[in-house]
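I have placed the structure first, in the form of structure tokens, so that the comments after it can refer back to it.
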Amino acid sequence: MIEPRTLKGFRDHLPAQALARERILDVARQVYRSFGFAPIDTPALEYLEILTGKGSAETDKQLYRFTDHGGREVGMRFDLTVPFARFCAQHIASLGTPFKRYHMATVWRGENTQRGRYREFMQCDFDTIGTTSPVADLETVLVVHDLLAAIGIERFTIRINDRRVLGGVLASLGLADRATDVLRSLDKLGKATRDAVKAELIGHGVVADAVEKLLKMAELSGSMADVLAGLESLVADSESGRAGVAALRAILDGVQAAGVAEGRVVVDPSIARGLDYYTGIVLESFLDDLPTLGSICSGGRYDNLAGLYTKQALPGVGASLGIDRLLAGLEELGKLSAVETPAEVFLVFFDEAHLADYLRVASALRAAGMAVEFFPEAKRVGQQLKVAAKKGFPAALVIGSDEFAAGTAQFKNLATQQSTTIDWHGDLHVLVDAVRSQMVSR
RNA sequence: GUGGCUAUAGCUCAGUUGGUUAGAGCACUAGAUUGUGAUUCUAGGGGUCGCGGGUUCGAGUCCCGUUAGCCACCCCA
């Protein structure tokens, strides 16, 4: 016998989890579409050169790669951004700009696993390309907000910053050439201790005076107005830095105008993001009840998405929801439902002689838009109800020979164990209407 | 990829300085009960002790390796 097992970092999804996943995917699809983003898809496999071209040494290491049967060097996509860049280089001429798309698909990274970190996981990206409008930046933040809210997360925070602010501060400190290292160190504030970050910065050759200024920047706090004012004074001598602060201010004003609750979107000068292609706003979002999980939805603005594949400059802005990390978080917080069925009505198979009647009833309910599971075996009623309750059906419909004779049915609320009698006199329309109203008032 | 912790039934766990045939609760199956999820009672299925070596008269227990999970680094969703 072969031992059944799954690869490290790869997982099976049982119904309870798969239902939760699909629900979030449905919500994401709905929110993206509500802003006019259109769906696309790309292959899981790409020519290796497409994927390795822009990647850092790190992503190259994490790439799943192999030689296919035709001798081609291929790789599995490790994010949705790089394939999208290739996609745009090939198709933007026929799509036109600005172009808004969403893409929800599986990606693979051969890195070490941890809580909320897998080797196979799904990303739900959306991007607006071909425009440098600040409205697109604002809209990106609004989409993330609406998405997390629509998923039903009550406590979350979207943290935004602007690379130009960081760049301005670094330039004024003469650290532009060490930007990546410095930003990565600053990014650890909140996770590592202040002294550890300090030591790391000094290790990067930052002089003590500059270290203090960097920490002062990253630790700016108070009202949003205070933070923005603080940043403004730090970047006073940098034109792009001032532009960055203005952009952040515009986003805060915009989300307020759009009716986003206070505190949901905040400026956090320590948000840098490791990815070095970001050039404007950057954003990360966190579950307030589980900040150590890491960001569940991140993104930002970039100047040139597809420079490796086309001469056409394609600026854009977008973000990505990490649905598997989010699910790991929701599960840890006990916010995932244990329901194992997508159906609402469990139809008990009571009396074998009435099989045809059960099939008619089930069909009528389905035609009316209800999901119905008809139990395939005429086993004991108690057993069938037990199964139904365990799987989380909200309701069961019990119609035995007595009920068929009397033209009635028992509608059983499986959560409260209470039954009500439906008089349908053999008229399926009456039965369907009654079940529907019972489901609603349940 | 580097380092640390962990692994016994479907789940949660017990298992004595190494000593007979590895246990409990819950869950599951059948029956008491051929018309209703509980309770009770009866019977039952299910474990190569993650896997592979080693030490020993004897290993679930000690040692080494390996796989997986978790944690830290790194990076990120």
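Number of residues in region A:354-391 that are loosely packed, with under 15 Cβ neighbours inside 10 Å and of a type in the set (S, T, N, Q): the value is 2.
Taking the stated definitions as given, is residue A:433 surrounded by 13 or more Cβ atoms within 10 Å (Cβ to Cβ), more than 16 Å from RNA strand B (Cβ to nearest atom) and over 22 Å from residue A:22 (Cβ atoms)?
Working: surrounded by 13 or more Cβ atoms within 10 Å (Cβ to Cβ): yes; more than 16 Å from RNA strand B (Cβ to nearest atom): yes; over 22 Å from residue A:22 (Cβ atoms): yes.
Here the answer is yes, as residue A:433 does meet what is asked.
Only one entry in A:420, A:408 is within 13 Å of residue A:361 (Cα to Cα), polar (S, T, N, Q) and more than 7 Å from RNA strand B (Cβ to nearest atom), namely A:408.
Among the residues of region A:351-395, how many are of a type in the set (D, E, K, R), closer than 15 Å to residue A:339 by Cα and modelled with pLDDT under 90? Spell out the reasoning first.
First, the residues of region A:351-395 that are of a type in the set (D, E, K, R): A:351-352, A:357, A:360, A:366, A:373, A:377, A:379-380, A:386, A:390-391.
Okay, now just the ones that are also closer than 15 Å to residue A:339 by Cα, so A:373, A:386, A:390-391.
Of the ones still in play, those that are also modelled with pLDDT under 90 are A:386, A:390-391.
The qualifying residues number 3.
In a residue-by-residue description of region A:246-261, the property of being of a type in the set (Asp, Glu), in the same structural domain as residue A:156 (by TED's automatic domain parsing) and either touching a strand residue (DSSP E or B) at 6+ places or on another chain (Cβ under 8 Å) or in a loop (DSSP other than H, G, I, E, B) (or both) applies to no position.
For region A:57-64, check the following and say yes or no: at least one residue is touching a residue at least 12 places away in the same chain (Cβ under 8 Å), surrounded by fewer than 12 Cβ atoms within 10 Å (Cβ to Cβ), basic (Lys, Arg) and in a loop (DSSP other than H, G, I, E, B).
Looking for residues that are touching a residue at least 12 places away in the same chain (Cβ under 8 Å), surrounded by fewer than 12 Cβ atoms within 10 Å (Cβ to Cβ), basic (Lys, Arg) and in a loop (DSSP other than H, G, I, E, B), one finds none in region A:57-64, hence no.
I need the strands (runs of 3 or more DSSP E) fully contained in region A:333-442, keeping only those with at least 1 residues that are in contact with a Cys (Cβ under 7 Å, 6 or more places away or on another chain). Counting at least 1 such residues, we get no strands (runs of 3 or more DSSP E) at all. Among the residues making up region A:165-199, those that are within 25 Å of residue A:297 (Cα to Cα) and either more than 16 Å from RNA strand B (Cβ to nearest atom) or not assigned by TED's automatic domain parsing to the domain that holds residue A:26 (or both) are A:165, A:167. Kindly indicate which of A:162, A:137, A:146, A:125 is in contact with a His (Cβ under 6 Å, 6 or more places away or on another chain) and either of a type outside the set (S, T, N, Q) or not assigned by TED's automatic domain parsing to the domain that holds residue A:317 (or both). Criteria check complete, one pass: A:125. One residue alone among A:70, A:110 is in the same structural domain as residue A:152 (by TED's automatic domain parsing), of a type in the set (Gly, Ala, Ser) and within 13 Å of RNA strand B (Cβ to nearest atom), and that residue is A:110. All of A:322, A:318, A:300, A:329 fail the test of being in contact with a Lys or Arg (Cβ under 7 Å, 6 or more places away or on another chain), within 12 Å of RNA strand B (Cβ to nearest atom) and touching a residue at least 40 places away in the same chain (Cβ under 8 Å), apart from A:300.
Residues in region A:280-296 that are of a type outside the set (D, E, K, R), within 24 Å of residue A:249 (Cα to Cα) and outside any strand (DSSP E or B): A:295, A:296. Taking the criterion of being among the polar types (S, T, N, Q) and not in a strand (DSSP E or B), the residues of region A:109-122 that qualify are A:112, A:113. Among the conditions (1) in contact with a helix residue (DSSP H, G or I) (Cβ under 9 Å, 6 or more places away or on another chain); (2) part of a loop (DSSP other than H, G, I, E, B), residue A:299 misses just one, which is (2).
Could you tell me which residue of region A:178-234 is farthest from the chain's Cα centre (by Cα), considering only residues that are more than 14 Å from residue A:269 (Cα to Cα) and outside any helix (DSSP H, G or I)? Steps first, please.
First, pick out the residues of region A:178-234 that are more than 14 Å from residue A:269 (Cα to Cα): A:178-181, A:191-212.
Remaining after also requiring outside any helix (DSSP H, G or I): A:191-193, A:204-207.
Working: A:191: 23, A:192: 26, A:193: 29, A:204: 35, A:205: 38, A:206: 37, A:207: 40 Å.
Taking the candidates together, the pick is A:207.
Residues are listed down the side, and each one gets a yes or a no for (1) outside any helix (DSSP H, G or I); (2) in contact (Cβ under 8 Å) with a residue 60 or more places away in the chain; (3) more than 21 Å from residue A:298 (Cβ to Cβ):
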{"site": "A:78", "(1), (2), (3)": "yes, no, no"}
{"site": "A:82", "(1), (2), (3)": "no, no, no"}
{"site": "A:85", "(1), (2), (3)": "no, yes, no"}
{"site": "A:94", "(1), (2), (3)": "no, no, yes"}
{"site": "A:101", "(1), (2), (3)": "yes, yes, no"}
{"site": "A:107", "(1), (2), (3)": "yes, no, no"}
{"site": "A:127", "(1), (2), (3)": "yes, yes, no"}
{"site": "A:136", "(1), (2), (3)": "no, yes, no"}
{"site": "A:147", "(1), (2), (3)": "no, yes, no"}
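Would you confirm whether or not region A:313-320 contains a residue that is outside the structural domain of residue A:415 (by TED's automatic domain parsing), at pLDDT below 90, over 16 Å from the mean Cα position of the chain (by Cα) and farther than 26 Å from residue A:408 by Cα? For region A:313-320, residues outside the structural domain of residue A:415 (by TED's automatic domain parsing), at pLDDT below 90, over 16 Å from the mean Cα position of the chain (by Cα) and farther than 26 Å from residue A:408 by Cα: present. Can you name the number of the only condition in (1) under 24 Å from residue A:255 (Cβ atoms); (2) out of contact with any Phe, Trp or Tyr (no Cβ under 8 Å at 6 or more places or on another chain); (3) in contact (Cβ under 8 Å) with a residue 40 or more places away in the chain that residue A:222 fails? Of everything listed in (1) under 24 Å from residue A:255 (Cβ atoms); (2) out of contact with any Phe, Trp or Tyr (no Cβ under 8 Å at 6 or more places or on another chain); (3) in contact (Cβ under 8 Å) with a residue 40 or more places away in the chain, residue A:222 misses just condition (3). Contact annotation: residue pairs with Cβ atoms under 7 Å, 6 or more positions apart or on different chains, pairing a residue in region A:14-29 that is of a type in the set (D, E, K, R) with a partner that is assigned to a helix (DSSP H, G or I), are A:21/A:323; A:21/A:327.
The values are calculated or read from the model by the stated rules, or taken from the named source; none is laboratory data. Quick caveat, the model's predicted, so the values are computed rather than measured. Every residue, glycine as well, gets a Cβ built from its backbone with ideal geometry; the counts of neighbours run over all protein chains shown.
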